Amino acid sequence: MKLNEKGLLIVISGPSGVGKGTIRKALFKRAGHNLDFSISMTTRSPREGEIDGQDYYFVTKEKFEAELARGNLLEHAKFVNNYYGTPKDKVMEKLKEGKEVVLEIEVQGALQVKAKMQDAVFIFIAPPSWEALESRLVNRDTETSDIIIERLNKAKNEIMFASSYDYIVINDEVENAVDKIIAIIRAEHAKCKRALEGYYRLMEE
Ligand code: 5GP
């Protein structure tokens, strides 16, 4: 048995447009990790280039509501007219297998996970400035101007919840942010509470 048998649940969250997706993708490109991405379910339509079952599970509102009613979602949120949620069973299975599971979700969902899974690690991705967030949302050119305004209004609220997280990582440079996240994951594994749990299990065998 390995020392740290139980996987870590890592929640990467923060306002829309802050670059969570870019950071997460860059994190997964780094070699030598044991990370597994939790693919969310959404009722939003796919953007150009997005693949069903890879970026999201794109589902109808009816299907989403049915999954929610069956208790199959670990968390969910309505975000600017669409539903988003994390399929529960897959996350739990992967954690049991000892994998590090990464959720990339907005703030309401992160707070729900925090209420259920105190052991998870919560990382808030913050923009270097308000202007940077605004220009990212406008320049990525994936939403209409009405939706951009709604997302920016939402971001103002979301930033107020940063203090509920364990860590804050400012997205000044993507690779910099990835370095910090890797350092956080390493430090979390070395925390006495976590490391000793595995150690005591080892001693009991
Ligand atoms: P987008 O439409 O830009 O892909 O996502 C909108 C927001 O929903 C982003 O902040 C994204 O991180 C978040 N999101 C994606 N998947 C989930 C999920 O499963 N649960 C929650 N709560 N938010 C999610």
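Charge dipole of the chain (Cα centre as origin; +1 on each Lys and Arg Cβ, -1 on each Asp and Glu Cβ, all else neutral): 420 debye, rounded to the nearest 20. For the stretch 1-107, a/c is not less than 1.5, where a ≥ b ≥ c are the root eigenvalues of the C-alpha gyration tensor, and a/b does not top b/c. That puts it in the oblate class. In plain terms, the C-alpha convex hull of the stretch 89-133 casts an average shadow of 4.0 nm² when viewed from every direction. Reported to the nearest whole Å, the Cα centre-to-centre distance from the stretch 156-185 to the stretch 64-91 is 24. When only the Cβ of Lys, Arg, Asp and Glu is charged (+1, +1, -1, -1), the dipole of the stretch 5-49 relative to its Cα centre reaches about 140 debye.
A Cβ-based charge dipole, computed about the Cα centre of the stretch 1-122 with Lys and Arg at +1 and Asp and Glu at -1, lands at about 240 debye. Size descriptor for the chain, Kirkwood hydrodynamic radius: 17.9 Å (Cα pairs only, one decimal). Considering only alpha-carbon pairs that sit under 8 angstrom and 6 or more positions apart, the relative contact order computed for the stretch 31-185 is 21 percent.
Report the residues of the stretch 129-164 in range of a label on F58: point 7 Å along Cα→C-beta, backbone N strictly under 16 Å from it. Hits in the stretch 129-164 for F58 at 16 Å: 142-144. Summarising the amide proton neighbourhood of F37: residues at separation of 5 or more, or on other chains, whose placed amide H is nearer than 5 Å comprise V102. Indicate, rounded to the nearest 5 percent, the antiparallel portion of the DSSP beta bridges found entirely in the chain. Roughly 30 percent of the DSSP beta bridges within the chain come out antiparallel. Specify whether the C-alpha gyration tensor of the stretch 51-139 places it in the rounded, prolate or oblate class, a ≥ b ≥ c being the square roots of the eigenvalues: rounded for a/c under 1.5, otherwise prolate if a/b is larger than b/c and oblate if not. Oblate, since a/c reaches 1.5 and b/c is not below a/b.
Taken together, the values in this text are just the output of simple stated rules run on the coordinates, not laboratory data. Please read all numbers here as calculations on a predicted model, not as lab measurements. Methodologically, a virtual Cβ is constructed for each residue, glycine included, from the backbone with ideal geometry; neighbour enumeration extends over all protein chains shown.
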